[in-house]
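Since every read-out is calculated from the coordinates, none of them should be taken as a lab result. Keep in mind that what you see is a predicted model, and the values were worked out from it rather than measured. Every residue, glycine among them, receives a Cβ derived from its backbone with ideal geometry; neighbour counts consider all protein chains shown.
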């Protein structure tokens, strides 16, 4: 007599393995045991038959066919391709925006900072005496001999930072002219005239050039504010001293020949034109045009970036 | 060109090469979606979504069975659609407007089949779909891939992200469940295919 518990357990055990048995996936020892059980168990035989019937029905099920094709449109690209284009577009947009901001900055500087710079010689307040007196020492940094002579006469201590940034007083400008910053000073043995100073915004470079020319002339005179009296009365240059306004450097350059009426100097002194610094009246419109062009470019690129980004997100691009 | 060459070309952005893969696998993908979702238009949508997703992500395919990779995408797409359907049950307008005598969308009569055979096949299909609808999604997918599409356990394991033991277990339970359903609802099965007909 068989134990019902063992018998029930045997049915369950067999039932769990029928699926693998149908697919011939049951390991040999288990398959052997299952086949032995099936031989004496009608219930499990029926179960196996119904399971085979179910599987056969599934295999006979009619195959559905789609009503259309699923080919992708040719212009579709995998994820990486539009992303690269999108990155390039974003970079271009950022670059255009950066350029636009830079141009606006330049515009502001030209409009306000440039105006201040050009108005500086005329509207400049009186410089403190120690600043003016420091100028010879500033030139001494570039020229040893002049520095030595100026150190002997300069009574006040120097502040190097101030000396480097302060423009020459207008009184000195009336006496001396100098080649523009960066230009080679004229080296001629016959150059005996006292140097005249053409005011060019810039400061220390001018004075250095002035000091050099003074040394070459053999004149121990200090460039720039040679007299203490000139410092507190640093008034804008008068037209009689510098015929052209110092506020407009390009137009002031031809003047020095007439400013110092020394005949010897006129013979040998070359007229050195200052660097062709474009006036703000010429530069500003160009900057504004550039700003407008960059603004349009940035807006266009930004719109394009947004469109491409949306398309790539929705998978249409 | 073989399948690997098509895959390589598609990974470089060649849509035409990917369409060759679509040509090879679209029927399999659609059939799987149809059996899992039980609805022709929904299966078409799922197939389209899965193939577009496959093309977008084909750079992430790192070798192995492309068929299994594609089936994994379609099964995941089907799971998503089933979840949405469960959350927001909807009735298909197409299904409501169709004549019950008409074949369901996605099933077309082959010219070689007689009208009687076609009628029986439609009945059989309806019975199977009803039975499949009673199964949990993971069992349904496993049963469809093994017994209808004829994939090996290992392929199904790769397609569903499960191990082979889980596939065996799911398949055993799914078969037993469907068998119980079909035996209980045997009148749904055409007489020609019934168990008692002695043909099985």
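Things to note:
- Region B:113-169 and region A:4-55: distance between their alpha carbon centers, rounded to Å: 22 Å
- Calculated FRET value between residue B:85 and residue B:123, using beta carbons and R₀ = 22 Å, to 0.05: 0.35
- Acute angle (nearest 10 degrees) that the helix B:15-37 long axis makes with the longest principal axis of chain B, alpha-carbon atoms: 30 degrees
- Working note: Debye formula, equal point scatterers on the alpha-carbon atoms of region B:1-94, no solvent; log10 I(q)/I(0) at q = 0.20 Å⁻¹ is -0.90.
- Calculated P(r) of region B:109-194 - Cα pairs past 14 Å, %: 66 percent
- With R₀ fixed at 51 Å, the C-beta to C-beta distance from residue B:109 to residue A:292 puts the FRET efficiency at about 0.15.
- Between B:170, B:130, B:88, the GNM of chain B built on Cα springs shorter than 10 angstrom shows B:88 fluctuating the most.
- The mean number of partner chain beta-carbon atoms within 10 angstrom of a residue's beta-carbon across peptide B:142-153 is 3.
- Treating each Cα of chain B as an identical point scatterer and summing with the Debye formula, the log10 of I(q)/I(0) at q = 0.10, 0.13, 0.17 Å⁻¹ comes to -0.48, -0.80, -1.24.
- Region A:4-54: C-alpha gyration tensor shape, a/c 1.5 cut-off, then a/b vs b/c: oblate
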